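These notes concern the structure reproduced below.
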Amino acid sequence: DRIEGGNVIKTQFALHNITQEKLVAAQAKFQPIFASYPQPYVAVLLGGSTNKYTLSLASMQKLIARLRSIQAATSGTLLITVSRRTGDDNARMLKDVFGDNQRVHIYDGIGENPYMGMLALAECIFVTNDSVNMMSEAAATGRPLYILPLHGHRGTKPARFADGLIASGVARNWIGTWEQWNYTMGDEMPRLAAEIRRRLQLR
């Protein structure tokens, strides 16, 4: 955030509640729900418009074209979740294109959100470059992480964060082939909690 001060504690990633224990529990819970879909599972986390960027219908069309190419390169299933920022018209376009596809599951906001299940079950994860939170949560899984750049979304804090993930080897751009790589994600919550306790002189 480019904020400095004696009362500011810096973290590399957005804080979240993703743990391996929660992923294991989510895997057991959501596996039966997705059992009818072919594996491997590819999770796709879609954001949308921000205070500095608008996801237009034209940009959504480019994103859908990218998703088509990703699906064509796998025999498995895309598990897609949208956010409120995706926008109703863009979400509708996505459903119009993939709604009848037997290898695409789109969470439509009805029923329990399978977000944790998607993270837990995915062989790899694609996430758009507009949300530091979603990128941080996806990276916490340790799974291969690909960045989906939204057309025209550059120079913002989330876009810079995405570029940093790629530069550090945590994430990659998808170039049409599947890759496997490892990266180590530190858990920042214990460090942050310890520092807060120290500053408040708690034991």
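Computed values, structure above
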| read-out | value |
| --- | --- |
| For the chain, size of Cβ-based charge dipole, Lys and Arg +1, Asp and Glu -1, in debye | 520 debye |
| Residue with peak Gaussian network fluctuation, the chain [Cα springs, cutoff 10 Å], from Met189, Met118, Met93 | Met189 |
| Loop-located chymotrypsin sites (Phe, Trp or Tyr not before Pro) in segment 1-93 whose Cβ has at most 11 other Cβ within 10 Å (DSSP) | none |
| Qualifying chymotrypsin sites (Phe, Trp or Tyr not before Pro) for segment 154-203 [loop in DSSP, other Cβ within 10 Å: at most 11] | Trp181 |
| Dipole of segment 1-87, positive direction: furthest Cα of Leu79, Met60, Gly5, with charges on the beta-carbon | Met60 |
| Solvent-accessible area per residue for the chain (1.4 angstrom probe, square angstrom) | 55 Å² |
| Fully extended contour minus Cα-Cα distance, from Tyr37 to Met185, at 0.36 nm per residue | 50.3 nm |
| Candidates per GluC sites (Glu not before Pro) in segment 136-188, loop by DSSP, up to 10 other Cβ within 10 Å | Glu179 |
| Within segment 1-118: Cβ-based charge dipole about Cα centre, in debye rounded to nearest 20 (Lys, Arg +1; Asp, Glu -1) | 260 debye |
| Value at 222 nm in deg cm²/dmol, rounded to 500, when DSSP H runs of n ≥ 4 in the chain each add -39,500 (n - 2.57) | -12500 deg cm²/dmol |
| Largest-first principal axis extents, alpha carbons of the chain, Å | 58, 38, 33 |
| Rg/Rh for segment 22-91, where both radii come from Cα atoms and Rh is the Kirkwood radius | 1.05 |
| Rg/Rh ratio calculated on Cα atoms of segment 128-203 (Kirkwood radius) | 1.10 |
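The values are calculated or read from the model by the stated rules, or taken from the named source; none is laboratory data. Because the structure is predicted, anything quoted here is derived from the model rather than measured. Every residue, glycine among them, receives a Cβ derived from its backbone with ideal geometry; neighbour counts consider all protein chains shown. What goes into the accessible areas is simple: the full protein's heavy atoms, side chains included, and nothing from ligands, DNA or RNA. Shrake-Rupley method; radii C 1.70, N 1.55, O 1.52, S 1.80 Å.
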